[in-house]
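Right, one structure below, let's go through it.
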Amino acid sequence: MTPAEIVSDILKAITEKAKVGVNLLDLENTAETLITLYGATSANKNYHPAWAKTSFPSVICLGVNDVIAHPIPYSYDLKDGDLLDVDLGIIVNGMCGDAGLTVPIGEVSNKDRHLLKYSKGALYEGIKVVRPGIKVTEIGVAIERYAISHGFVVNRLFMGHGIGRTMHEGIQIPHFDTLKKLDNISVLVEGDVICIEPMITYKDKFGYQDKDGWTFRTRDKRKSAFQEHMLKVTSLGYEVLTSHIKEVI
């Protein structure tokens with residue numbers, strides 16, 4: 001199996017198990033078991049980018065509601081109405097897979113259903129423009145225009161990225177309009193493998209870093225949602241490599 005296929009399978013298993021009353025640490029244990037069963041290792045655990053004071057301590061990112069990115073799992077029982085963020089990176093045969101999504105727990109509000117729906121829509125709007133020769137900023141323009149048109153904003157701290165032998169390599173992909181701010185803009189070429197992962201919120205474009213040194217949350221405490229696919233740039237456009245998210249109809 002490819003890294004993308006393994007990531008998709010594990011994400012499906014985790015989100016199927018995520019029900020009211022299930023503890024985040026139980027989900028983390030499930031992820032760790034599945035990673036081993038697939039013959040993979042975690043790309044999350046001990047990951048230590050330059051901006052972080054400490055290495056990431058867990059095999060998967062799990063958090064709820066106001067979480068934007070990089071949540072460290074902790075002892076928390078999922079509640080009716082929660083939005084659960086799940087983000088997973090793995091390594092198999094020397095290659096990385098990385099993907100994630102936000103899912104509803106139990107019955108969520110109509111507002112939060114819209115947040116989930118349009119976070120998926122924003123992802124696919126970005127994917128639709130992918131093809132050889134485009135500037136990566138075109139992806140961000142498409143995503144931000146879509147989000148704004150539906151009453152939401154896009155987080156401006158985190159970007160999509162290239163992926164290969166390491167989880168983040170090469171290209172950075174903005175999820176918002178940066179055309180007037182970047183001098184050296186990457187252009188996609190056939191064969192690039194990338195991750196697009198827009199993070200959508202009601203109002204907060206930036207958020208703040210929690211005291212754990214990893215988790216980012218909305219400053220207004222309102223909920224956030226993100227969806228992430230891996231895809232490959234092909235001669236005709238793109239191929240989505242992960243299968244854990246269904247396209248919005």
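The values are calculated or read from the model by the stated rules, or taken from the named source; none is laboratory data. Predicted model only: the values in this text are computed from it and were never measured. Quick reminder, even Gly has a Cβ in these numbers, built from the backbone with ideal geometry, and neighbours come from all protein chains shown. The accessibility values were calculated without ligands, DNA or RNA, using every heavy atom of the protein model including side chains. Shrake-Rupley method; radii C 1.70, N 1.55, O 1.52, S 1.80 Å.
Yes/no per residue for (1) touching a Phe, Trp or Tyr at 6+ places or on another chain (Cβ under 9 Å); (2) under 14 Å from Ile194 (Cα atoms):
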| position | (1), (2) |
| --- | --- |
| Ser109 | no, no |
| Asp112 | no, no |
| Lys117 | no, no |
| Lys120 | no, no |
| Glu138 | no, no |
| Ile143 | yes, no |
| Gly160 | no, yes |
| Arg165 | no, yes |
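Residues in region 33-55 that are touching a Gly at 6+ places or on another chain (Cβ under 7 Å) and buried (at least 20 other Cβ atoms within 10 Å of the Cβ): 2 in all. There is no residue in region 84-92 that is of a type in the set (Val, Ile, Thr) and farther than 29 Å from Asp192 by Cα. Of all residues in region 63-100, those being on the phi > 0 side of the Ramachandran plot and either of a type in the set (Asp, Glu) or in contact with a His (Cβ under 8 Å, 6 or more places away or on another chain) (or both) number 0. Residues that are open to solvent by 20 Å² or more (accessible area, probe 1.4 Å) number at least 1 in the following strands (runs of 3 or more DSSP E) confined to region 139-249: 169-173, 193-196, 224-234, 237-240. In summary, Ser8 fulfils each of the numbered conditions (1) under 27 Å from Val153 (Cβ atoms); (2) open to solvent by less than 10 Å² (accessible area, probe 1.4 Å) with the single exception of condition (1).
Based on what the data block shows, is Leu24 more than 16 Å from the chain's Cα centre (by Cα) and within 25 Å of Lys211 (Cα to Cα)?
yes
In region 13-44, of all residues being in a helix (DSSP H, G or I) and in contact with a strand residue (DSSP E or B) (Cβ under 8 Å, 6 or more places away or on another chain), the one that is farthest from Val59 (Cα to Cα) corresponds to Thr15. Filtered by the rule that a residue be free of Cβ contacts under 8 Å to residues at least 40 places away in the same chain and of a type in the set (Phe, Trp, Tyr), region 20-78 gives a lone residue, Trp51. Residue pairs whose Cβ atoms lie under 8 Å apart, separated by 6 or more positions or on different chains, with the first residue in region 118-136 and free of Cβ contacts under 8 Å to residues at least 24 places away in the same chain and the second aromatic (Phe, Trp, Tyr), are Glu125/Tyr146.
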